[in-house]
1. Any idea what angle helix A:4-57 forms with the longest principal axis of chain A, computed on alpha-carbon atoms, 0 to 90 degrees, nearest 10?
2. Can you tell which of A:LEU226, A:VAL56, A:THR108 lies farthest toward the positive end of the dipole of chain A, using +1 and -1 charges on the Cβ of basic and acidic side chains (Lys, Arg; Asp, Glu)?
3. Taking Cα pairs under 8 Å and at least six residues apart, what relative contact order does the range B:90-132 come out at, in percent?
4. Just tell me which lysines come within less than 22 Å, Cα to Cα, of A:LYS63; anything on the same chain fewer than 8 places away is out.
5. List the residues whose amide H sits under 5 Å from the amide H of B:PHE17, counting only those 5 or more places along or on another chain, with H placed 1.01 Å from N in the peptide plane.
6. Using the crude model of +1 on Lys and Arg Cβ and -1 on Asp and Glu Cβ, and no other charge, please compute the dipole size for the range A:17-78 relative to its Cα centre, in debye to 20.
7. Which value, in debye to the nearest 20, gives the size of the charge dipole of chain A about its Cα centre, when Lys and Arg are +1 and Asp and Glu are -1 at the Cβ?
8. Charges on Cβ only, +1 for Lys and Arg, -1 for Asp and Glu, centred on the Cα centroid of chain B; of B:ALA94, B:THR54, B:PHE115, which one is farthest towards the dipole's positive end?
Amino acid sequence: MASLRDIKRKIQAVDKTKQITRAMNMVAAAKLKSAQSRMENFRPYAEKFMEVLNSVALRVNPKAHPLLAVREAKKVRVIMMTSDRGLCGAFNTNVIRAVEGFIRHRTTQQGQAVSMVAVGRKGRDYFRRKANIVDARAEVFKQFDISTAADLGESLISSFINEEYDELYIAFNEFRNIASQRPRIIRLLPIASPESGVQLEPEGRVDYTYEPSEEALIDELLPSYLRITVFRAMLETAAGENGARMVAMENATSNCEEMIESLTLKFNKARQQAITAELMDIVGGTEALAKSG
Amino acid sequence: MAEELLVEIVTPEEMVFSDTVEMVTIPGGDGEFGVLYGHAPVLSTVKIGELNITKGNRKTYYAVGKGYAEVTAKKVTLLLEKVVKASQIDKERARRELSEAEADLSRMTKEDVGFQEVSERLSMAEAKLKAADKA
């Protein structure tokens, strides 16, 4: 039987933990709000952009731009997006596991070489020795804007043109709602061609006049494509991370409460037991005195 | 129904404008062009510059960053990196941005990394000042 003081100390410790988890829960909730509205504000831009890109990229000659090149996929690169900080439940584990499966499948079954660009500290730390990381960006989620994504996009473009890799994928947690994020792996390059199943609705096809030229437009659109998709994945990760942390910390807080409750019960029982034992002593003592006296 | 042209301006941060207008003048990659209802479909790049919207005899000016414009007969969609309404431009600040960009640029050559970024900053500041004068 633990002593009264031990139990009391334990209760205090758990209570402190509870205060921390509750604070983290509230911080995550506040951050989630801003991250979520940022993500939602960006969505129309990204969607409009994809419409424009599809209407141009899908019908120009693949030879018009080096970024449209389709090569035999021998070298694959994957952008891995995780959060910088932990304590957000299975958020990072889920996407890490998905990428691990992806790498295993690619290397063993298709004989491709996989390299990785790690965005976010958690993924980088995990894959440091397990994968071929060619580029890593950690501590980016505290404050980022589209220039962070533009920077990454540029280096990805030049290495694609230099044939350092043939296919590009991005792995991130898609934000579905506050409580649920789903790991997804999407191919970015080569851009889906019309034959591969992406069909535009026929009435939506308009024959545009291109200004300046089709090629010049493509030249501007393609780098933006990478920039925008990377930025979008970053926004989804930022929102998802805070959503996941909010839920995880809420669970932790209620677990603390349960624990405090059961410890308090234990404490009260122990106290009662101590009182009873003392009473027995006193009663026993007085009886002994009465007999002898 | 009157023949109205729907204009939507979106930036990565927000939907800036969405309304029917009479005319919009866009600083296209190949030069400025005006769009009225029934315009032929065009896909164009947009240069840093000044954009204006005419609605009910009133012209509203904006300083805009790079982007794209998709024009169809009834609708114009503008995807722009940056948009500032002329009436909200702080001229003092724009002037400061201009002189900073000029100073940065004078220390660079065309081959330097970041040269393009700085020259874009310069033209954006110029566009802001020009638009602010018309507000």
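1. The helix A:4-57 is inclined about 10 degrees to chain A.
2. A:THR108
3. Values: 27 pairs, mean separation 24.1, N = 43.
Once divided by the residue count of the range B:90-132, the mean separation gives 56 percent.
4. A:LYS74, A:LYS75
5. B:ILE9
6. Details: 13 positive and 4 negative charges, 63 e Å.
That gives a dipole near 300 debye.
7. On the way: 42 positive and 37 negative charges, 329 e Å.
That gives chain A a dipole magnitude of about 1580 debye.
8. Ranked along the dipole, the leading option is B:THR54.
The values are calculated or read from the model by the stated rules, or taken from the named source; none is laboratory data. Every value quoted in this text rests on a predicted model; they were computed, and no experiment measured them. For neighbour counting, all protein chains shown are included, and Cβ atoms are generated from backbone atoms with ideal geometry for every residue, glycine included. Note: accessible area is taken over every heavy atom of the protein model, side chains too, but ligands, DNA and RNA are not part of it. Shrake-Rupley method; radii C 1.70, N 1.55, O 1.52, S 1.80 Å.
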